[in-house]
Amino acid sequence: MVAERKKRIVEKLVNLINTYKVTGLLDMHKLPARQLMEIKKKLKGKAKILMVKKRLIKFALQKSGKKGIEKLYELIGHQPALLFTNENPFELARIIEKSKSPAFAKAGDIAPRDIYIKEGPTNLTPGPVIGELQRLKIPVRVDGNKLVVVKDTLVVKKGDSITKELADMLAKFDIRPVEIGLNLLAVHEDGTIYDNCLLYTSPS
């Protein structure tokens, strides 16, 4: 029964791959269900998205017969999904990129850029938070019943992992350093694979 179900899924994927001009590979890692629904609404009529297990994606790509499409599997992410469309893939990439929104960091997130706590007054009041700031090497002083950051402070470099302690502190400063949304890894069109670097930088 399970094997028959998997076979039907693969057959469905192969049919979609061969029906649409463009097949895209997505990574849905850490994408909240609510935002996925919003993105699907924006893409309604333009693209179809299906979340599928890695192994079934591999079988479908191999079975489709489209030239070079099996190479998409080499770029597969943590939580893969396939996207099917007849739209211009570069325009679709721009729509997906614009649908991303800033979010608070979580422990283990990778900093997308150098992140600073800026000099100036805060909404934080003196108390245990002073010790938390000191552990993160963020210099502050007390001004009345509020804390003031003494100078711009680099708290994490681009590419480094964000700790839980730092993630909690960034939230207190209302800093949302990460973006959540669909991650379009690559697309296949007419025998060619376009990775996300090409998709997001091409002037097409």
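The values are calculated or read from the model by the stated rules, or taken from the named source; none is laboratory data. Bear in mind the structure is a predicted one, so any value in this text is a computation, not a measurement. Quick reminder, even Gly has a Cβ in these numbers, built from the backbone with ideal geometry, and neighbours come from all protein chains shown. Side chains included, ligands, DNA and RNA excluded: accessible areas come from the protein's heavy atoms. Shrake-Rupley method; radii C 1.70, N 1.55, O 1.52, S 1.80 Å.
Descriptive notes on the structure:
- Condition check for LEU147: touching a residue at least 40 places away in the same chain (Cβ under 8 Å), more than 30 Å from GLU70 (Cβ to Cβ), part of a strand (DSSP E or B) and of a type outside the set (D, E, K, R): no
- Members of segment 28-37 found to be over 11 Å from ALA81 (Cβ atoms), assigned to a helix (DSSP H, G or I) and either open to solvent by less than 80 Å² (accessible area, probe 1.4 Å) or touching a Cys at 6+ places or on another chain (Cβ under 7 Å) (or both), listed by number: ALA33, GLN35
- Filtering segment 138-171 to residues that are surrounded by fewer than 19 Cβ atoms within 10 Å (Cβ to Cβ), of a type in the set (A, V, I, L, M) and closer than 12 Å to ALA107 by Cβ leaves only ALA171.
- Condition check for GLU179: within 18 Å of the chain's Cα centre (by Cα), under 30 Å from ALA47 (Cα atoms), in a strand (DSSP E or B) and among the charged types (D, E, K, R): yes
- Set LYS44, LYS48, LYS53: member being closer than 22 Å to ARG5 by Cβ and loosely packed, with under 15 Cβ neighbours inside 10 Å: LYS53
- Breaking point among (1) more than 30 Å from ALA93 (Cα to Cα); (2) open to solvent by 40 Å² or more (accessible area, probe 1.4 Å), for LEU198: (1)
- Scanning segment 17-27 for residues that are crowded, with 17+ Cβ neighbours inside 10 Å and more than 15 Å from LEU72 (Cα to Cα) turns up just one, TYR20.
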